[in-house]
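Visitor: Take this structure first; my questions come after.
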Amino acid sequence: MDKNLWQQIQLVRQHSPLVHNITNYVVMNNTANALLAVGASPIMAHAKSEIHEMVNIAHSVVINIGTLDEYWSEAMLLGAEAAHLAKKPWILDPVGAGATGFRDRILNQLLQYKPTVIRGNASEIIALAKANTTVTKGVDSTAKSDEAISAAQFLVDHYQTIVCISGETDIIIDHEKTFLIKNGHPLMTKVTGLGCSATAIIGAFIGVTENATESVAAAMALIGISGEIAVLESKGPGSLQVNLIDKLYNITEEEFSSHLKIERL
Amino acid sequence: MDKNLWQQIQLVRQHSPLVHNITNYVVMNNTANALLAVGASPIMAHAKSEIHEMVNIAHSVVINIGTLDEYWSEAMLLGAEAAHLAKKPWILDPVGAGATGFRDRILNQLLQYKPTVIRGNASEIIALAKANTTVTKGVDSTAKSDEAISAAQFLVDHYQTIVCISGETDIIIDHEKTFLIKNGHPLMTKVTGLGCSATAIIGAFIGVTENATESVAAAMALIGISGEIAVLESKGPGSLQVNLIDKLYNITEEEFSSHLKIERL
Amino acid sequence: MDKNLWQQIQLVRQHSPLVHNITNYVVMNNTANALLAVGASPIMAHAKSEIHEMVNIAHSVVINIGTLDEYWSEAMLLGAEAAHLAKKPWILDPVGAGATGFRDRILNQLLQYKPTVIRGNASEIIALAKANTTVTKGVDSTAKSDEAISAAQFLVDHYQTIVCISGETDIIIDHEKTFLIKNGHPLMTKVTGLGCSATAIIGAFIGVTENATESVAAAMALIGISGEIAVLESKGPGSLQVNLIDKLYNITEEEFSSHLKIERL
């Protein structure tokens with residue numbers, strides 16, 4: 001299994017996919033650096049006048065609604081539609097889902113273009129399933145982690161997507177299997193936008209793979225393990241942000257395999 | 001006194017206030033990381049369609065006009081109005097006040113929503129007082145530092161606000177007292193946006209305190225002292241930016257108290 | 001020769017030019033820090049309501065189309081026009097030229113305001129020459145580097161500009177001479193936006209010099225040499241980004257001269 005995951009990492013390094021990002025202002029620099037570090041080529045572009053052409057030259061598309069507004073949300077919808085029509089893999093990061101009605105309306109529209117992957121934290125995945133207004137049955141559960149898994153399964157079923165719930169344990173769910181990844185470190189939550197970096201890295205991986213679910217697992221393991229190793233030489237979140245980019249760039253198969261904690265359900 | 005200031009720092013760490021930032025593109029990443037490092041939770045959002053809801057879930061609001069444009073300035077005015085109406089503490093950073101007529105017009109409108117705190121350098125505070133067009137009496141003085149203090153007192157009187165003039169000595173003025181903080185290091189002026197980070201950190205502090213003026217002093221001392229310590233292990237402004245985030249995160253009471261240089265007038 | 005280049009670096013440190021940037025979201029923080037590190041004062045502003053005033057207080061203008069959209073492209077055109085009319089030096093960074101029709105249309109309009117300098121990689125310089133629709137004769141060549149030089153010469157002739165083609169060897173061409181600079185390191189291509197930083201640094205240099213071509217050479221040598229030295233203490237692209245800013249700030253004449261690899265054709 002971990003042999004296969006490392007092969008996914010190698011694929012990205014070999015093929016250097018062009019990843020088109022319509023993402024948020026806070027993380028653009030770090031996201032671009034994370035993509036370069038794993039061997040991909042980032043494009044950041046959002047103009048409605050060129051979205052179509054950009055999607056067409058890219059291998060995959062990342063849509064992250066973090067700092068959306070009326071203009072950007074139109075650009076995101078155009079990007080998602082273009083990716084859907086051109087059958088390009090694309091990933092949705094529903095940042096702040098549930099926080100405002102505006103976010104939920106845009107997310108609901110984005111879902112219609114069937115993202116290849118959705119990555120968010122438990123609250124966002126739950127809110128995303130609830131934001132769905134095209135079905136009447138909601139998501140209900142008592143325990144939070146159970147609720148997120150139930151929400152993820154709802155999204156998987158209704159949108160033929162793969163859902164990654166990130167957290168202390170990352171949970172990756174497709175229509176037939178579930179992976180649990182127990183890598184990462186709590187200090188990573190003190191660096192802004194590492195979830196967004198994870199989304200972008202997944203975006204690179206789905207641009208070159210033939211096994212999307214496995215590539216999501218590989219991407220999440222890569223950032224989790226790189227973070228764990230980077231923490232060891234960091235004095236706080238500032239140096240962790242820097243050291244993580246270094247480690248994404250120079251991680252070896254030996255480091256990856258010896259740290260990997262994955263379970264398949 | 002320094003016991004009280006450290007308690008303000010502890011309050012933020014304990015309550016992790018949600019700080020809604022409508023800020024500039026240059027500093028969004030660093031500002032978010034600075035807020036996380038001091039224990040707060042940053043939100044960055046500016047869409048007119050959701051400003052109201054965001055302000056309502058936040059503990060405090062930060063408005064920084066650094067890269068304003070026509071759209072963003074409308075969003076800032078909506079955010080300031082919402083904070084004013086909901087009685088949420090908010091802070092104004094008048095970046096580049098006086099540089100253009102556009103900035104001064106927007107600033108003058110923002111002032112009508114009575115910020116809890118205003119933080120800027122001496123030139124910005126002077127320009128802000130001059131930009132005020134609703135009163136006829138201007139600010140006049142010969143010496144620059146005197147002029148800034150006179151401008152600050154004018155703003156305090158007319159808007160029931162607290163003014164922080166940052167510089168080699170930070171001067172914090174409210175309606176009855178003045179604090180001088182002599183921490184910080186000249187290399188900090190070579191890192192972009194540390195003034196903006198200071199504003200955001202104050203934004204976190206006023207979100208949880210019952211003594212706003214003291215919390216402004218605590219926030220300014222925290223960034224100044226963290227900067228002083230971070231400089232010691234930095235080779236230049238690049239590493240200072242990183243080390244400062246680390247130190248904001250791991251500073252101890254002992255480090256804080258032993259470096260603090262504060263005077264109350 | 002290297003004595004002259006070092007003098008250009010000293011000029012920037014002494015005069016601290018105010019550099020007005022209309023640039024892309026990805027690199028704003030790094031660009032501002034690079035400008036501060038070399039001794040310049042960055043302004044980042046793009047509002048159509050204030051572009052004119054900002055250009056008028058600046059020593060030079062940087063226009064970088066990386067994340068352009070309809071609004072920003074109008075702002076860029078206003079900025080270029082204002083710089084042209086006020087005879088302020090300005091530099092164009094045609095990021096992603098050739099990728100979309102939208103970019104090429106805007107670039108073609110920007111060229112009409114005759115940038116003092118254009119800096120791009122070989123593909124961008126070739127695309128920029130091809131995007132030109134006011135002349136019928138295109139650019140034709142077989143070998144890529146020859147093609148870029150031919151494209152650069154076309155741009156120099158038609159727009160009375162200086163062209164810098166950055167790459168493993170940087171090529172700087174004006175109407176009478178060519179400089180080759182062989183500094184830099186491959187790891188620099190794994191850090192996002194170092195080309196954009198180079199453009200901004202050139203922007204600072206042309207704001208204070210009387211010899212624009214020599215100042216472009218000095219700026220390119222400065223970033224190349226600083227990168228080479230910074231790589232030696234970097235574990236990957238994350239730490240390189242940080243160490244490069246430090247080195248831009250603290251590089252000495254001795255370090256500069258001993259690393260400089262320049263040829264004049």
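The values are calculated or read from the model by the stated rules, or taken from the named source; none is laboratory data. Because the structure is predicted, anything quoted here is derived from the model rather than measured. Here the Cβ positions follow ideal geometry from the backbone for every residue, glycine too, while neighbour counts run over all protein chains shown.
Visitor: Given the criteria at pLDDT 95 or above and outside any strand (DSSP E or B), does residue B:27 qualify?
Guide: yes
Visitor: Moving to a separate point now. Could you list all residues from segment C:235-255 that are crowded, with 21+ Cβ neighbours inside 10 Å and farther than 20 Å from residue B:187 by Cβ?
Guide: Those that are crowded, with 21+ Cβ neighbours inside 10 Å and farther than 20 Å from residue B:187 by Cβ: C:236, C:237, C:238, C:240.
Visitor: Continuing with this model, one more query. Without any contact (Cβ under 8 Å) to a residue 60 or more places away in the chain, within 19 Å of residue A:260 (Cβ to Cβ) and surrounded by fewer than 24 Cβ atoms within 10 Å (Cβ to Cβ), is that true of residue A:147?
Guide: no
Visitor: Filter segment C:37-53 for residues that are within 21 Å of residue B:241 (Cα to Cα) and either more than 7 Å from chain B (Cβ to nearest Cβ) or in contact (Cβ under 8 Å) with a residue 40 or more places away in the chain (or both) and give the result.
Guide: Answer for segment C:37-53, where residues must be within 21 Å of residue B:241 (Cα to Cα) and either more than 7 Å from chain B (Cβ to nearest Cβ) or in contact (Cβ under 8 Å) with a residue 40 or more places away in the chain (or both): C:37, C:38, C:39, C:40, C:41, C:42, C:43.
Visitor: I would also like to ask the following. Would you pick out the residues in segment B:90-124 that are within 14 Å of chain C (Cβ to nearest Cβ), among the small types (Gly, Ala, Ser) and touching a Gly at 6+ places or on another chain (Cβ under 8 Å)?
Guide: B:96, B:97, B:123
Visitor: While we're here: I'd like the full set of residues that are in contact with a Leu (Cβ under 8 Å, 6 or more places away or on another chain) and outside any strand (DSSP E or B), limited to segment B:250-265.
Guide: Within segment B:250-265, B:251, B:256, B:260, B:265 qualify.
Visitor: Separate question: Test each condition in (1) free of Cβ contacts under 8 Å to residues at least 12 places away in the same chain; (2) within 12 Å of chain C (Cβ to nearest Cβ) for residue A:70 and report the one that comes out false.
Guide: Just one mismatch for residue A:70, condition (2).
Visitor: Related question: Can you name the number of the only condition in (1) buried (at least 24 other Cβ atoms within 10 Å of the Cβ); (2) facing another protein chain (nearest Cβ under 9 Å); (3) of a type in the set (A, V, I, L, M, F, W, C) that residue C:57 fails?
Guide: Against the list (1) buried (at least 24 other Cβ atoms within 10 Å of the Cβ); (2) facing another protein chain (nearest Cβ under 9 Å); (3) of a type in the set (A, V, I, L, M, F, W, C), residue C:57 comes up short only on (1).
Visitor: Give just the number: which of (1) closer than 30 Å to residue C:54 by Cα; (2) more than 13 Å from the chain's Cα centre (by Cα); (3) buried (at least 19 other Cβ atoms within 10 Å of the Cβ) does residue B:92 not satisfy?
Guide: (2)
Visitor: Against the definition (surrounded by 24 or more Cβ atoms within 10 Å (Cβ to Cβ), under 30 Å from residue B:265 (Cα atoms) and either at the interface with chain A (Cβ under 10 Å from one of its Cβ atoms) or within 18 Å of the chain's Cα centre (by Cα) (or both)), how does residue B:19 come out, yes or no?
Guide: no
Visitor: Quick one: would you say residue A:261 is surrounded by 19 or more Cβ atoms within 10 Å (Cβ to Cβ) and of a type in the set (D, E, K, R)?
Guide: Criteria not met by residue A:261.
Visitor: I'd like to check something: does segment A:187-196 contain any residue that is of a type in the set (D, E, K, R), more than 20 Å from residue A:40 (Cβ to Cβ) and modelled with pLDDT of 95 or more?
Guide: For segment A:187-196, residues of a type in the set (D, E, K, R), more than 20 Å from residue A:40 (Cβ to Cβ) and modelled with pLDDT of 95 or more: present.
Visitor: Another question, then. Return the only residue of C:210, C:214 being under 21 Å from residue C:18 (Cα atoms), surrounded by 20 or more Cβ atoms within 10 Å (Cβ to Cβ) and of a type in the set (Asp, Glu).
Guide: On inspection, the qualifying residue turns out to be C:214.
Visitor: Hey, can you tell me all the residues within segment A:196-250 that are touching a strand residue (DSSP E or B) at 6+ places or on another chain (Cβ under 9 Å) and within 12 Å of chain B (Cβ to nearest Cβ)?
Guide: Of everything in segment A:196-250, just one residue is touching a strand residue (DSSP E or B) at 6+ places or on another chain (Cβ under 9 Å) and within 12 Å of chain B (Cβ to nearest Cβ), namely A:196.
Visitor: Of all the residues that make up segment A:171-213, how many are more than 16 Å from residue A:2 (Cα to Cα) and either assigned to a strand (DSSP E or B) or charged (D, E, K, R) (or both)?
Guide: Counting residues in segment A:171-213 that are more than 16 Å from residue A:2 (Cα to Cα) and either assigned to a strand (DSSP E or B) or charged (D, E, K, R) (or both) gives 7.
Visitor: Hey, can you tell me all the residues within segment A:70-110 that are of a type in the set (Phe, Trp, Tyr) and over 18 Å from residue B:46 (Cβ atoms)?
Guide: The answer is A:90, and nothing else.
Visitor: Now for a separate question. Kindly evaluate residue A:163 against the criterion of being touching a Leu at 6+ places or on another chain (Cβ under 6 Å), at pLDDT 95 or above and assigned to a loop (DSSP other than H, G, I, E, B).
Guide: So residue A:163 does not fit the description; no.
Visitor: Further question: Considering each residue of segment B:16-31, count those that are under 27 Å from residue A:101 (Cβ atoms) and in contact (Cβ under 8 Å) with a residue 40 or more places away in the chain, and give that number.
Guide: 10
Visitor: Please work out if residue B:34 is assigned to a helix (DSSP H, G or I), of a type in the set (A, V, I, L, M, F, W, C), touching a residue at least 60 places away in the same chain (Cβ under 8 Å) and within 12 Å of chain A (Cβ to nearest Cβ).
Guide: It is true that residue B:34 is assigned to a helix (DSSP H, G or I), of a type in the set (A, V, I, L, M, F, W, C), touching a residue at least 60 places away in the same chain (Cβ under 8 Å) and within 12 Å of chain A (Cβ to nearest Cβ).
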